[in-house]
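Here is the structure we will look at.
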Amino acid sequence: MRHRRILPVISRKGAPNIKGLGKLRYVVEQTFALLHHFKRLAVRWERRTELQDALVSLACGLICWRRLMKARCDRVTNSPG
């Protein structure tokens with residue numbers, strides 16, 4: 001990143017807020033919390049990075065699927081008529 005002259009801008013906890021970074025920090029922390037529900041990802045058991053990447057992709061897919069199904073069920077139960 002430094003080679004491309006990109007500087008890190010995520011502030012540390014307790015540091016003065018830069019406008020908008022709190023929202024990004026929340027998204028990142030929530031994503032990690034969701035991924036840690038998958039026990040195999042909370043502690044890295046896989047030695048091969050390809051398997052670890054595949055498990056992370058699978059976990060992300062399952063998280064998205066569950067959210068879509070929940071949103072669909074909520075929409076069906078709240079629809080008029």
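In the set (1) exposed (fewer than 11 other Cβ atoms within 10 Å of the Cβ); (2) in a loop (DSSP other than H, G, I, E, B); (3) modelled with pLDDT of 75 or more, His37 fails one condition alone, (1).
For segment 50-81, the set of residues classified as open to solvent by 100 Å² or more (accessible area, probe 1.4 Å) and under 17 Å from the mean Cα position of the chain (by Cα) consists of Leu58, Trp65, Arg66, Arg67, Leu68, listed by residue number. Among the residues of segment 48-68, those identified as part of a helix (DSSP H, G or I) and of a type in the set (D, E, K, R) are Glu50, Asp53, Arg66, Arg67.
Among residues of segment 60-77 that are closer than 22 Å to His37 by Cα, those with a Cβ under 9 angstrom from a residue that is at pLDDT below 90 and open to solvent by less than 70 Å² (accessible area, probe 1.4 Å), sequence gap 6+ or separate chain, pair up as Cys60/Thr31; Cys60/Leu34; Cys60/Leu35; Leu62/Phe38; Ile63/Thr31; Ile63/Leu34; Ile63/Leu35; Ile63/Phe38. For segment 21-34, the count of residues that are in a helix (DSSP H, G or I), at pLDDT 85 or above and β-branched (Val, Ile, Thr) is zero.
The values are calculated or read from the model by the stated rules, or taken from the named source; none is laboratory data. Bear in mind the structure is a predicted one, so any value in this text is a computation, not a measurement. We place every Cβ from the backbone using ideal geometry, glycine too, and count neighbours over all the protein chains shown. To get the accessible areas, we keep the full protein, side chains included, count just its heavy atoms, and leave off ligands, DNA and RNA. Shrake-Rupley method; radii C 1.70, N 1.55, O 1.52, S 1.80 Å.
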